[in-house]
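Novice: Next up is a structure, given as structure tokens.
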Amino acid sequence: MTAPGGRSPEGETAMGLRGRFVSVAAGWVTLVTAVLVAVPLTLRDRLPDPLAVHWGPSGGPDGSAPFTVALVAWTAVWLLIGGGACVAAAATGAARLRRRAGRMGLGALLGGGGLFCLTVQLATVSANLDAPDWRRAGSLSLAALLAPAGLALGGWLGALAARSGPDEVSRRGGTDADLLELRPGQRAVWVSSARNGWLLAIGASLAAVGTGLLVAAAFGAESAPWPAFVAAIVAGLLGVALSSVRVRIAQDGLQVSYGPLRLPRRHVPLVKLDSAWSEERFPREVGGWGVRGLPGAATIMLRGGECLVVRYASGGRLAISVDDAERGAALLNTLVMEGAH
């Protein structure tokens, strides 16, 4: 059945979903932009000009920018993030937004990017507030904690807000009906992995730089921004730990391990699994690289393309970017079916 003009009801629904998503996203971008502009302008009489915009290892300001330049920079960064997400949502296929993972990725980008920009500006304005000169601005150590917290909280809230609605499975690749033929008594094991070299390099570099600065600060300045160095080390180690993933499917269930040491490791028995399929996913659909989404609708994205998507018996899903996902899904479906009989 088609609607007037030759468009199916499903197509009309998908177009409506995209329109609502873009409208809400545009409203959020406008709200954050208004706050980014209004707060500095309201407090302009209490801020020095130029403003302190950069802080050195000692924790004191070592760089400045004119008030207008700083205001434009804060706004431009957010418009690049938020506007890019809106353009991506408007340009992507309407049916693709019916996939929950794609919506949650864009929602996480909008929410996390918005709160990150707001917390960075808040910390900068607070440090400059009532300072007679930018050189006498306060420390920005608190921003090392506020900005990552805003990014994480905003990303979680954005993904949660975008989670409601339909969730259609991509028809590309395999389906959860695919099975792998096994002879009676035959045992099979499927192992696959994926690695992101850039994430490994960035994580290792960040951890090394943070460690070096922390050691240097221990023998140097007393007012060094310790939280920033610790945050860099933690972020770097997380990057290394999540730079690769290995998936193993066998009679004992599904095992997912991370990083060069294959730690942390998670094991899910077959009784807790329902089915699996192969599906194409890309970083732009889920909000970037790494572990994206919420428990029950997460994606481990290390490279775009083929992913193994597992559905739990409880209804939740986990997608993992690994090679030969279709064969792994077929084996998992077969083992689950054998275990049910």
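Novice: Arrange the peptides 237-249, 266-278 so that the one whose residues have, on average, the most other Cβ atoms within 10 Å appears first.
Specialist: On the way: 237-249: 20.8, 266-278: 17.5.
Ranking the peptides 237-249, 266-278 by packing returns 237-249, 266-278.
Novice: Right, another one. With a cut-off of 17 Å, note down the residues of region 18-60 whose backbone N falls inside the zone around a label point 7 Å from the Cα of residue 133 toward its beta carbon.
Specialist: In region 18-60, the label zone of residue 133 (backbone N under 17 Å from the point 7 Å along Cα→Cβ) covers 47-54, 60.
Novice: Taking 0.36 nm per residue of sequence separation and subtracting the Cα-Cα distance, how much length would be gained by fully extending the chain between residue 250 and residue 337, in nm to one decimal? List each step's numbers first, then the result.
Specialist: Working: separation 87, 0.36 × 87 = 31.32 nm, distance 1.31 nm.
Here the segment from residue 250 to residue 337 would lengthen by 30.0 nm.
Novice: Over region 284-327, what is the percentage of antiparallel beta bridges among all DSSP beta bridges, to the nearest 5? If you can, show how the numbers build up before the last one.
Specialist: On the way: 9 of 13 bridges.
Taking every DSSP beta bridge within region 284-327, about 70 percent pair in antiparallel fashion.
Novice: Quick check: pseudo-label points 7 Å beyond the Cα along Cα→Cβ at residue 90 and residue 43, how many nm apart are they?
Specialist: That separation, rounded to one decimal, is 3.2 nm.
Novice: What nm distance separates the two modelled labels at residue 76 and residue 152, each placed 7 Å from Cα along Cα→Cβ?
Specialist: For residue 76 paired with residue 152, the spin-label model returns 3.1 nm.
Novice: So, one more: Taking N as the number of residues in region 197-341, what is its Cα Rg relative to 2.2 N^0.38 Å?
Specialist: 1.29
Since every read-out is calculated from the coordinates, none of them should be taken as a lab result. What you see is a predicted model, and the numbers here were worked out from it, not measured in a lab. Note: ideal-geometry Cβ built from the backbone for every residue, glycine included; neighbour counts use all protein chains shown.
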